[in-house]
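The structure appears right after this line, and notes come after that.
The values are calculated or read from the model by the stated rules, or taken from the named source; none is laboratory data. Note that the coordinates shown come from a computational prediction; the quantities given were computed from them, not determined experimentally. Neighbour counts run over all protein chains shown; Cβ positions are idealised from the backbone, glycine included.
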């Protein structure tokens, strides 16, 4: 099992290294990631949302729905914990295990 | 207000989920009606949206009023319109069905169960409707987390099954996230349509090849494709019956939908099929999944577990059908998503009724059931016939298209696997029916004789959805031409 | 770990620090526009304050300030604030979460309405995150305290 | 961006990651995981991602560690691997 | 060669961390160890995203300087053109990763809850022992 | 006569009962046992409830105001933005926090004494700094001498301080002073690690303790007799 997981891990790593060969170099300011969408946020954040912290304005406004989803994830985790660990009235009977 | 409909489909269950614990503080039993109300509204909305899509074409909805590459966009076309209707209607049926079984199995946790139920449905709907790669991840996580919780509260052994599901599911989700990251690094965008436009210049890039493989690997874990299906049987067997009836039909189908969406909407088919050997791999994965699932199903003595392996086999049908990559097979695959969702929910509702009445889910517990609950078992026979593929039930038609597609693609191994698995399904279901018809006096399966006599027809709130599903199976079979020409034919991606 | 600590120094210092922690958390929430921070971080710091109270003053004392039931209610309300602001925009004629439409009732320019909308959303997020972290913390720290459930099932 | 400083941080991150999965005492492993998160957060501060670093410091190194410690204290502290 | 390694160093770091996490998730039998591996795995991916947001040459935090007392009117006048994009880090990966971190801690909470449930029922956290108990019972 | 009595009584009662809310209850009960008269017991109870009620309300308001002022100062320190919007937010937040946590910050400080305590505390700081500097020089001279004549020891002494806040102040002052470290406080007994005999002697001389007690106005102690007297006075007043 251990050897198998080592092999799996190495395979995943190898695939990732293969993919990384064509990546833009680290810190390249003209990589597509930094030049396609994100300059729009930096340029227009103050004009659109009057918020100097671009991260906040993207987080809560441009991509606000993601954040709603994220809050829902947290809420789901809370519900899950209540569902799993909180004791209700004793579980008697326990069905027919 | 009608322009807001695609949004409301997701937001109504979302906000209802937030309010559900508050209502539970006021009155516990009100939660059930709240759930039904929310899901009915959602179902009506999604049907209306589908109709709008059929008559008016694809709907785009910009969240927060931001134009697509900058904000998040909802896109509803024929394919995900159909998925929305499937999800909302099936979850409504399961919700109606869940009342008695939850009161029996988890009497003290009703409120939070329903909240998690609503969140689960929200996650499913959000995955299906979105047009943004990262938003999909977020909703995938909502659905997964709710699923972990719903599975873990099941019977003995459920927590371990759920834990394995957490580990596997996290790997799957992380691979998906990684794939999205690779796409983002090379394109700079997260919007599906935008990525679709930018990508063709980058198809030779190693980054994209890695991204495709990681996305598909992640989704394969989520959809329980054969070698990585190990989490599925345990999880769905041990979950409470209402939860497994909700998750088993939908989670795998939704991952399949995401796969189709990625392969044909985000990437161009030219990449998925011609440049990379994705299609071939998928067909062979499908063949292996079908055979593996069917054979494993044959080896089971547990009723629910057997159904789980059938689900694994059905995933193979669809993956293989998509991999065949011709229009007919694709039609079959998409029709099979619809059919299989309905059939699986039928199977699991019947299994839930058996659990509710007998308290166990071994195959031997099915003894005499035909005499004791004729309606339930009639529904079961309809579902079984559909899975075997007997006309006029709906399973026949999708299988027909898949077989036809296999013939066109001259992929004989897939054809053979399809036929073989149908054969195995015949054996499986006739074994159950034989056990069910054994007219010997019931002894041995339960020590308490008085308890055995108590088994009779299921309560109405469980029976009605089950029967409705059986009727739906026949109706889909009868009207399959209408569905095909109106919904599925436009949904098939242009190859 | 969940009983009250008997160390005078820790108890007293925790007591003194608590209002400042909460004030700092609120500062983080409110100043998300200008400095790093926002709803999540603030919410987590709030929850951390309560964790400090539990560790030093014990579960019972903390329950008096915030019971689990109250935390559940707050988490629902927090998320509902977020969803509700979105729905408000819907009612005011915009798309979902289009805070610009809030300018109709707030009587400011759309850009500032967006800024205020972000603030409202952050408050909702902070409440929800705080309550949920508290719930998870409580659930994990009180797990297995009633023995009748575990001894039997083995 | 000072490369030597970064490299030292990366080294620490690796040491913490490997230590966290090899140490047999679960409580130590959990605390090392907290340290791992904290070094990660320093690394991100280096990369000008202060918001993320702040979140990591409060969420992952703070509450995450507390939850893990709670879980370990409620279960068994020794692990066989 | 050395130049190649240095100019891609963030990828090597993230791949290495991911392999460590992946190995722990697959090979370790202790459930808490698996959770720790999960945490490392996820934060490696977060590291990858964050590292794509860096722009070489002294980038600063994406908080716009002159937004101090700027209300919308000011922003309209010079906000649209005065921002030097190369000066600031790319904010989008930061936003995505804020979400991912929160998802990470939510998963952590649920996983720990499930682990505690398992412990309550079987009184052990080793996976193989639990499976043995399950087989027997 | 009545009026002076009343004034005196009120003041005494405030003094005493404020000193330790829960303590006073216990001590009063003892006092009642001493006198052993059932009827008086009831009256006193009512009397006490009256006093502590008024007392609590006043304390609450004072604490609330004090907490919110301190928090608001803290907020402004953090924020550095002085436009109306942010100050308003700060005021709202601080009021909210003060409302929720007013009982934490000034848990054992008496009502009228807050200003005095603050003033004395500020006056205490220079003295503390002076002590720190002196001790620094002392320790440095010890360490730099080639023989290093250190004499590490653990000394313990019982403190007369009562409230936990004064205990903590003393403990932290001891730790801040080089050469001495507070290890533990258990049931009013300090365990202090001292580097040399001189610092230990300094500590045992108790000047620091006296000063801390002075800050928190604990120089005069609470005696059972006080309570008994007070109870008698209330009784006279009621009749």
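Of F:103, F:151, F:83, all but one fail to be within 14 Å of chain C (Cβ to nearest Cβ), surrounded by fewer than 17 Cβ atoms within 10 Å (Cβ to Cβ) and farther than 27 Å from residue C:49 by Cβ; the exception is F:83. Listed by position, the helices (runs of 4 or more DSSP H) inside region A:1-70 whose residues that are over 22 Å from the mean Cα position of the chain (by Cα) number at least 2 are A:2-20, A:38-49.
Out of the residues in region B:64-83 meeting the condition of being out of contact with any strand residue (DSSP E or B) (no Cβ under 7 Å at 6 or more places or on another chain) and touching a residue at least 40 places away in the same chain (Cβ under 8 Å), tell me which one is nearest to residue B:143 (Cα to Cα). Step by step, filter region B:64-83, then rank; the result is B:83. Selection of region D:33-46 for residues being closer than 26 Å to residue D:78 by Cβ and within 9 Å of chain E (Cβ to nearest Cβ) yields D:33, D:36, D:37.
At least 1 residues being touching a residue at least 24 places away in the same chain (Cβ under 8 Å) and within 22 Å of residue E:7 (Cα to Cα) is the threshold, and among the helices (runs of 4 or more DSSP H) wholly inside chain D those reaching it are D:3-22, D:26-46.
Across region A:24-36, the number of residues qualifying as within 11 Å of chain B (Cβ to nearest Cβ) and either under 19 Å from residue E:63 (Cβ atoms) or touching a residue at least 24 places away in the same chain (Cβ under 8 Å) (or both) comes to 1. Has region B:291-299 got any residue that is within 25 Å of residue B:80 (Cβ to Cβ) and assigned to a helix (DSSP H, G or I)? Taking every residue of region B:291-299 in turn, none turns out to be within 25 Å of residue B:80 (Cβ to Cβ) and assigned to a helix (DSSP H, G or I). Within the option set B:119, B:22, B:39, being crowded, with 18+ Cβ neighbours inside 10 Å, at pLDDT 90 or above and within 14 Å of chain A (Cβ to nearest Cβ) holds for one residue only, B:119.
Summed over region F:179-207, residues that are more than 16 Å from residue F:135 (Cβ to Cβ) and either assigned to a strand (DSSP E or B) or at pLDDT 80 or above (or both) total 7. Looking only at region B:202-229, residues that are over 29 Å from residue A:22 (Cβ atoms) and within 12 Å of another protein chain (Cβ to nearest Cβ) come to 0 in all. Does residue D:29 meet the test of being within 8 Å of another protein chain (Cβ to nearest Cβ) and within 29 Å of residue E:62 (Cβ to Cβ)? Judged against the criteria, residue D:29 is not a match.
For (1) without any contact (Cβ under 8 Å) to a residue 24 or more places away in the chain; (2) closer than 30 Å to residue A:50 by Cβ; (3) under 24 Å from the mean Cα position of the chain (by Cα); (4) surrounded by 20 or more Cβ atoms within 10 Å (Cβ to Cβ), each residue gets a yes or a no:
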| site | (1), (2), (3), (4) |
| --- | --- |
| E:89 | no, yes, yes, yes |
| E:93 | no, yes, yes, yes |
| E:96 | no, yes, yes, yes |
| E:102 | yes, yes, yes, yes |
| E:109 | yes, no, yes, yes |
| E:114 | yes, no, yes, yes |
| E:122 | yes, no, no, yes |
| E:131 | yes, no, no, no |
| E:136 | yes, no, no, no |
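Residue D:17 meets the stated requirement of being under 12 Å from the mean Cα position of the chain (by Cα), within 9 Å of another protein chain (Cβ to nearest Cβ) and surrounded by 24 or more Cβ atoms within 10 Å (Cβ to Cβ).
One line per residue, one yes/no per condition, for (1) under 22 Å from residue B:70 (Cα atoms); (2) in contact (Cβ under 8 Å) with a residue 24 or more places away in the chain; (3) away from chain E (no Cβ under 14 Å):
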position	(1), (2), (3)
C:81	no, yes, yes
C:87	yes, no, yes
C:97	yes, no, yes
C:105	no, no, yes
C:111	yes, no, no
C:116	yes, no, no
C:134	no, yes, no
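Would you check if residue F:100 is assigned by TED's automatic domain parsing to the domain that holds residue F:69, without any contact (Cβ under 8 Å) to a residue 24 or more places away in the chain and more than 15 Å from the chain's Cα centre (by Cα)? In short, yes.
Inspection of region B:247-259 finds a residue satisfying the criterion of being free of Cβ contacts under 8 Å to residues at least 40 places away in the same chain, away from chain A (no Cβ under 13 Å) and over 24 Å from residue B:360 (Cα atoms). Has region C:17-25 got at least one residue that is crowded, with 23+ Cβ neighbours inside 10 Å and either more than 18 Å from residue C:124 (Cα to Cα) or more than 10 Å from chain F (Cβ to nearest Cβ) (or both)? Yes, region C:17-25 contains at least one residue that is crowded, with 23+ Cβ neighbours inside 10 Å and either more than 18 Å from residue C:124 (Cα to Cα) or more than 10 Å from chain F (Cβ to nearest Cβ) (or both). Filtered by the rule that a residue be within 7 Å of another protein chain (Cβ to nearest Cβ) and surrounded by fewer than 24 Cβ atoms within 10 Å (Cβ to Cβ), region E:9-22 gives E:9, E:10, E:11, E:13, E:15, E:16, E:19, E:20. Can you tell me how many residues in region C:34-76 are surrounded by fewer than 19 Cβ atoms within 10 Å (Cβ to Cβ) and more than 14 Å from chain D (Cβ to nearest Cβ)? Count: 13.
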